[in-house]
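Derivation of every value follows stated rules applied to the coordinates shown; laboratory data play no part. No experiment lies behind these values; they were computed from the predicted model shown. Neighbour counts are summed over all protein chains in view; Cβ atoms, including those assigned to glycine, are modelled from backbone coordinates with ideal geometry.
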Amino acid sequence: MLKATTQTGIDPHLALLHLRNTPITGLKYSPAQLLMGHVLRSDLPASTALLQPATPVNVQQGLRQRQLLQKHSYDKGASPLSPFREGERVCMKTTKGWQPATVERVRDEPRSYDIITPAGAQYRRNRRHLRPDRVAGHRDNDEITCPDSDADQEIEKRETETQDTSEPQPEVETDIGLRSRVGRSVKLPARLQDYVL
């Protein structure tokens, strides 16, 4: 917003005033009303009744309701990850890819683990940066990197498939008529019957 005010030449303080007078989505109060109890006087027309002090009511309940709606929307596409136990072999996400590690301790904080690598380095990681180690049979002193997950392999597979199919294939003329690259027959509209391809 401040960039826009400098580009258009509008007073930034006036823009901030309008922003503070704008009601919060889902609530009937603006930030100025929550802080000072009334709408601030600006160059926009407002009735004198709005400029009189009034205590906002049920603000905490309204904010909590907004949070619950946001949580509900987020939870539609999210699912909880299964927790790990102490001593369980995991793969830890690093800048170099997925590296093997072992859960040393489950912390009191939710979804938080103390991890130790085969080299002896200790880390604290969230559950989303860890996944089960599916490589069986390697010992703690092995220097093996964890293979890419099934999800990563699926994404790579889809990318290669889309690259292969993204090349336009010419339309093939058969005894039935024109066919598109997916195999559907193409029937020209009546107004183009006299036009030869």
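Can you give me the long-range amide H partners of Val90? Hydrogens built in the peptide plane at 1.01 Å from N, cutoff under 5 Å, separation of 5 or more residues or another chain. For Val90, whose amide H was placed from the backbone, the distant partners under 5 Å are Ala101, Thr102, Val103, Asp133. Neighbour counting of Cβ atoms within 10 Å sorts the residues Tyr74, Tyr113, Tyr123, fewest neighbours leading, into Tyr74, Tyr123, Tyr113.
The string of couplings for segment 36-46 from the Karplus curve (6.51, -1.76, 1.60, θ = phi - 60°) is 10, x, 7, 6, 7, 6, 9, 7, 7, x, 9 Hz, one whole number per residue in order, with x for Gly and Pro. Just name one of Ala54, Pro118, Thr94: the one whose Cα is farthest towards the positive end of the charge dipole of segment 5-146 (beta-carbon charges, Lys/Arg +1, Asp/Glu -1). Of the listed residues, the answer is Ala54. With an a/c value of 1.5 or above and a/b not larger than b/c for the gyration tensor axes a ≥ b ≥ c computed over the alpha-carbon atoms, segment 2-75 is described as oblate. In a simple Cβ point-charge model (Lys, Arg +1; Asp, Glu -1; nothing else charged), segment 2-75 has a dipole of about 200 debye relative to its Cα centre.
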